[in-house]
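Novice: Dumping the structure here so I can ask a few things about it.
Values quoted throughout were computed directly from the atomic coordinates according to the rules given, and no laboratory measurement underlies them. It should be emphasised that the depicted structure is a prediction, and the values quoted were computed from it without experimental measurement. Cβ: placed from backbone, ideal geometry, glycine included. Neighbour counts: every protein chain shown.
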Amino acid sequence: MDNYMRVSDFSGKSLAKGEVVCTYTTFASNNQTPTAEQPILVLSNEKRQWKHHSNGIFMNPNKATAFAFDEEDGRFEADILKIDSRFTSLIKWLGESKISVRLSGANTTEGYAVYKIREVAFGGGSKLSAEDGFLQFMIERLLASNPPVETTKDEDMDEVGDDMRITSIQSITDFLNCAGDTLPENIRLWARRNLAVARSQEVSPEERRHAQRALSIMLNVQWKSNYFKSIDLKEAKRILDEELYGMEKVKQRILETIVQINRTHTLPAYGMLIIGPAGTGKSQIAYAVAKILKMPWTTLDMSSINDPEQLTGSSRVYANAKPGIIMEAFAVSGGSNLVFIINELDKANAGKGNGNPADVLLTLLDNLGFTDNYMECMVPTVGVYPIATANDKSLISAPLMSRFAVIELPDYTAEEKKIIFSQFSLPKALKRIALKPEECIIPEEAIEEVVRIYSETTGIRDLEQAAEHLTANALFRIENGECTSVTFTPEMVRELLV
C-alpha cells in the first residue's frame, strides 16, 4: 500500500505584509515506522547540508514555517517543505512553546528528511511536559493513528487530543494541543469541556478531581479506526489445531469469520456465543480467537456481576464514584479494539441490584457506542468483538441471543477423551513438571481406565487433573529413589484416582 495518499498545499495562501508565506504541503501517511524514505517531515537543504543529528527549535508553522538549526558557526533557518498531516499540530505546538529538540534525518534530493524528533533540555530551554519521555509518547501515539480527516485551516487551528501516561493537568493540556486529531470528534469535545472543569476554580475540588481522573482514563485509550488488517488464514488454522482437538465445525465457523474480516476489513456484525457442557473448552475457544485476531482481551464474569452499575460505573455526584468494568477494560488494554470474553452469559439475567446487567450488555453488543455513567461520554464500540460462553441456552433472553452467532458444543465421546488425554493433557502435564515421556508411561489400557473413571462427568477438566495427578506421582517416586521410570497399570490408576 502506498503510504502517501493525499496532499494538501498551503503554499499559495495570500498573507498580510510582514508575514511569512507558508512553505509546506501536508501529506497523509499511515506509516508507523518513519525512515528517510518515509519521513515525518522534510526541510530545505538547498543552501546547506544538515548533519545526521541536529539540534534547534521549530518556528511556528503558521507564522514562520521553518526550523532553526543550532550549528557550530551560528543559527541557520531552513524552510519546512512537507509535513505528515498527523504531525502538524505537534510541530505547531513545539514552535509556539520554543521546545528544544534534536532531529535525526538524512539529506536527500527532496531535502533533509526527518524521521525522528527527540526533546532535549539544553541551554535552559523549556520542557514540553513535566513527564519524561512525554514527547516520545505522543509521537508514538501519532504514528499509530490514522491520517486526520481533511479540514479547513481554521479548524486545524482549534484542534486539540489523547492518553494515561497523561495524568497531570499540564500533560493533559500538552497532549490535547499536540494530538487532537487522534480522538473521535465527540471525545475531543468532551475532553475540552472536562479540561475546563478540571482547571476551574468555580467548582468544588471534588468535581475538579473527578474531571481530571476521567480525562486520564479516557486519554489513556487509543481510539482506533474500525479498519482491521487481513489475518493469515494458515496461521489461524494452525492456532486452532494447536489449541483445540476435533471441533471441526467450530473451527470452520471461526475460519469463516476470519475470511469475512479479511474481505470487509471490519468485524462481523454479530459476536460469537459458545454453548456447551462445563469443561468442553468454551473459554479455550474464546482465547484462541483473541489470539488469532491479535487483539487484547478482557473477561466479564456474569456470575459475579449482580448490579448493572458494576458495568456502567457510578455518577460523579458520589464522592467514591468510579468507572465501570467495561470502561476500565478499555483503559487497561490501552486501545478501543478489544475482545470481550463474557463468561456465563446465562447468568446475566440474575441481577440483584437496581436493574438487570443483561440490559447493559445489549448496548455494548449493538456496537452503536457505550456510555459510562462516570465518564459521561459515549465511547465507540465498533472495535469490540464479544465472545460469550454459556452452559444453559434456555436461560439466555431472546434479545441477548439475537446479538450472537451461536455455536453449540456437544460433549466429547469416550474415544475423543482418550485421544485428548494422550495427545494433549498428558504431554502438557509432563512438560510442566519437566518429566520425559519415558519416565512416565501410561499405556492404552490405563488411559481407558482414566476415561472410564470420569465417564459420568462432562468436559475434559477431570482428565487434565488426572494427568497432573499421575505425572506428579511418577515424579515423586523417581525423586524418592524408588525407580527411574513409572509405568501405570489400570489398578495403579484406580488406586490413585478413585
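Novice: Based on Cβ point charges of +1 for Lys and Arg and -1 for Asp and Glu, what charge dipole magnitude is obtained for the chain about its Cα centre, in debye rounded to the nearest 20?
Specialist: In total the dipole reaches around 1080 debye.
Novice: Then there is this: Starting from the amide H of Gln222, placed 1.01 Å from N in the peptide plane, find each other amide H under 5 Å away whose residue is 5 or more places distant or on another chain.
Specialist: Those lying under 5 Å, H to H, from Gln222 are Gly335, Ser336.
Novice: Beyond 28 Å, what percent of the Cα pairs of the stretch 233-408 remain?
Specialist: When all Cα pairs of the stretch 233-408 are counted, 22 percent exceed 28 Å.
Novice: Want the number for Asn320 to Phe76: 0.36 nm per residue separation, take away the alpha-carbon distance, what's left?
Specialist: Extra length available between Asn320 and Phe76 comes to 82.3 nm.
Novice: Here is a further query. As a test, work out the antiparallel percent of DSSP beta bridges whose residues both lie in the stretch 233-408, rounded to the nearest 5.
Specialist: Close to 15 percent.
Novice: Roughly how tilted is helix 233-243, in degrees to the nearest 10 and between 0 and 90, from the longest Cα axis of the chain?
Specialist: Between helix and principal axis, roughly 40 degrees.
Novice: Grab the DSSP H runs of the chain that are 4 residues or longer, score each as -39,500 (n - 2.57), total them, divide by all residues and round the 222 nm result to the nearest 500 deg cm²/dmol.
Specialist: Rounded to the nearest 500, the figure is -11000 deg cm²/dmol.
Novice: Amide H of Thr280: which non-local residues (sequence gap of 5 or more, or other chain) have their own amide H closer than 5 Å, using H built in the peptide plane?
Specialist: Ile460
Novice: Rounded to the nearest 0.05, what FRET efficiency do Ser225 and Glu448 have when you use their Cβ-Cβ distance and R0 = 45 Å?
Specialist: 0.25
Novice: Among (1) 29.8, 112; (2) 29.3, 100; (3) 26.3, 95, find the value of Rg and Dmax of the Cα atoms in Å that was calculated from the structure presented, and write down its label.
Specialist: Checked against the structure: label (2).
Novice: Calculate, in nm to one decimal, what Lys237 and Ile433 gain on full extension: separation in residues at 0.36 nm each, minus their alpha carbon distance.
Specialist: 67.7 nm
Novice: Going by how many other beta carbons lie within 10 Å of each one, how would you line up Leu497, Leu43, fewest first?
Specialist: Sorted ascending by nearby Cβ count, the order is Leu497, Leu43.
Novice: Also: Measuring from label point to label point, each 7 Å out along Cα→Cβ, what is the Glu415 to Tyr245 span in nm?
Specialist: 1.4 nm
Novice: For the chain, give the share of DSSP beta bridges that are antiparallel, in percent and rounded to the nearest 5; count only bridges with both residues there.
Specialist: Expressed as a percentage, antiparallel bridges in the chain total about 60.
Novice: Treating only the Cβ atoms of Lys and Arg (+1) and Asp and Glu (-1) as charged, compute the dipole magnitude of the stretch 364-498 about its Cα centre; round to the nearest 20 debye.
Specialist: Charge dipole of the stretch 364-498: 300 debye, to the nearest 20.
Novice: Among Trp223, Leu400, Asn349, which residue has its Cα furthest toward the positive end of the charge dipole of the chain, with +1 on Lys/Arg Cβ and -1 on Asp/Glu Cβ?
Specialist: Trp223
Novice: Between 0 and 90 degrees, rounded to the nearest ten: what's the tilt of helix 88-97 against the longest Cα principal axis of the chain?
Specialist: Helix 88-97 sits at roughly 60 degrees to that axis.
Novice: With only alpha-carbon pairs counted, each pair once and no self-pairs, how large is the Kirkwood hydrodynamic radius of the stretch 230-325 in angstroms?
Specialist: 15.8 Å
Novice: If you don't mind, another one. In whole Hz, what ³J(HN,Hα) sequence does the stretch 196-203 give by Karplus (6.51, -1.76, 1.60; θ = phi - 60°), x for Gly and Pro?
Specialist: 4, 5, 5, 8, 5, 9, 9, 10
Novice: Which FRET efficiency, nearest 0.05, do Met492 and Arg253 yield, Cβ-Cβ r, R0 56 Å?
Specialist: 0.85
Novice: Of the cross-linked pairs Lys116/Lys291; Lys249/Lys393; Lys51/Lys224; Lys249/Lys418; Lys282/Lys428; Lys347/Lys428, which ones have a Cα-Cα span greater than 25 Å in the structure shown?
Specialist: Lys116/Lys291; Lys51/Lys224; Lys347/Lys428
Novice: Let me ask something else about it. For helix 205-219, what angle does its Cα long axis make with the longest principal axis of the chain, in degrees from 0 to 90 and rounded to 10?
Specialist: 80 degrees
Novice: Under 5 Å between amide hydrogens, which residues at least 5 positions from Leu81 or on another chain qualify, with H placed 1.01 Å from N in the peptide plane?
Specialist: Correct list: Val42, Leu43, Ser44.
Novice: Next question. Return the FRET efficiency for the residue pair His265, Asn146: r is the Cβ-Cβ distance, R0 is 22 Å, and the value is rounded to the nearest 0.05.
Specialist: Plugging the Cβ-Cβ distance into 1/(1 + (r/R0)^6) gives 0.95.
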